[in-house]
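The values are calculated or read from the model by the stated rules, or taken from the named source; none is laboratory data. Every value quoted in this text rests on a predicted model; they were computed, and no experiment measured them. Every residue, glycine among them, receives a Cβ derived from its backbone with ideal geometry; neighbour counts consider all protein chains shown. Surface areas here come from the heavy atoms of the whole protein model, side chains and all, with no ligands, DNA or RNA. Shrake-Rupley method; radii C 1.70, N 1.55, O 1.52, S 1.80 Å.
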Amino acid sequence: MRNRRVEPPLVLPRQVVMDGIAHYCKDFVELLQSLETAEWCAPSRCEGWEVRDVAGHVAGLFADVAVGRMAGQGLPEVTARQAAERRDRTPAEVAKELRKAGRLCGSVLDSFTDEAWLARAPGGFPGPLRRAVLVLWYELYVHGDDIRSVTGREPDRGSGLRAGVVHVAETLGLWGWGPATLRLDGMEELRIRGGGDPVTGDPRDFLLAATGRLDATRIGLDDRVNIYREVGT
């Protein structure tokens, strides 16, 4: 059962999140611009999706948020629509849309007050606005990693990885996983549901396991460490 009163392991400062989104949006655009035709149509590790579908979903997410279309974000039917609407576009076209949508998103999010940042997010998102915005950074990072992994590019181990771990740690706590203490390489300690048995190792491996992209048993955990298990995806 979900426990929505669990304290988050870490709340990232607002400006850190906004700067991270801007940086990783630019990075994602550059990644798309570097793709060859064969890479654009390559199968991704997201089941049933090619690289172009992953990219289309990310661009569609930012395009939706830029115009206030918040309801249903993250639901399978919404992510499928975002991908399908852009499936026949080129990498350059999707990159151009994401660049524009990213700038608009930044302006929209900057318009919220600090009080609104901590209040419930619009559009039915289950949690505060600051958590909904962190999801944008997480999406840029994890889907950028999806594309890098299948096109032979080196994984990024910058601030987006830390943000992704922070997001999944909070989500796992809300979903009732733990208690546990994350002591991952190169990261500060994160206590989930007050802290418990330590989880050590590579933060990227933990993030991949916590999003169903890596068999959790490979890092000594069970399949409950998956933020999508609760909603059946």
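Under a model in which nothing but the beta-carbon of Lys, Arg (+1) and Asp, Glu (-1) is charged, the chain shows a dipole of about 540 debye around its Cα centre. Here the accessible area is traced with a 1.4 Å probe on the protein chains. For the chain, carbon and sulfur cover 51 percent of it. The shape of the range 1-88 can be summarised by an equivalent ellipsoid whose semi-axes, obtained from the alpha carbon gyration tensor, come to 27, 18, 14 Å from longest to shortest. Projecting the Cα atoms of Ser111, Ser149, Asn226 onto the dipole axis of the range 104-233, where Lys and Arg carry +1 and Asp and Glu carry -1 at the beta carbon, places Asn226 farthest toward the positive end. Computed about the Cα centre, the dipole magnitude for the range 194-233 is approximately 120 debye when only Lys and Arg (+1) and Asp and Glu (-1) carry charge, each at its Cβ. Taking the charge dipole of the range 14-53 about its Cα centre, with +1 at Lys and Arg Cβ atoms and -1 at Asp and Glu Cβ atoms, the residue from Cys25, Trp40, Gln15 reaching farthest to the positive side is Gln15.
Rank Gly48, Gly60, Gly68 by mean-square fluctuation in a GNM of the chain with C-alpha springs under 10 angstrom and give only the top-ranked residue. Between Gly48, Gly60, Gly68, it is Gly48 that shows the largest mean-square fluctuation.
Placing unit charges on the Cβ atoms only, positive for Lys and Arg and negative for Asp and Glu, gives the range 158-206 a dipole magnitude near 120 debye about its Cα centre. On a per residue basis, the range 107-211 carries 38 Å² of accessible surface, using protein heavy atoms and a 1.4 Å probe.
With q set to 0.07, 0.15 Å⁻¹, the log10 of I(q)/I(0) for the chain, from the Debye formula over equal scatterers at the Cα positions, is -0.21, -1.04.
Charged neighbours of Arg183, selected by a Cβ distance under 11 Å, balance to -3 (K, R count +1; D, E count -1). In the context of the full set of protein chains, residues of the range 19-92 present 47 Å² of accessible surface per residue (probe radius 1.4 Å, heavy atoms only).
Remark: the Cα gyration tensor places the range 160-233 in the rounded category, a/c being less than 1.5.
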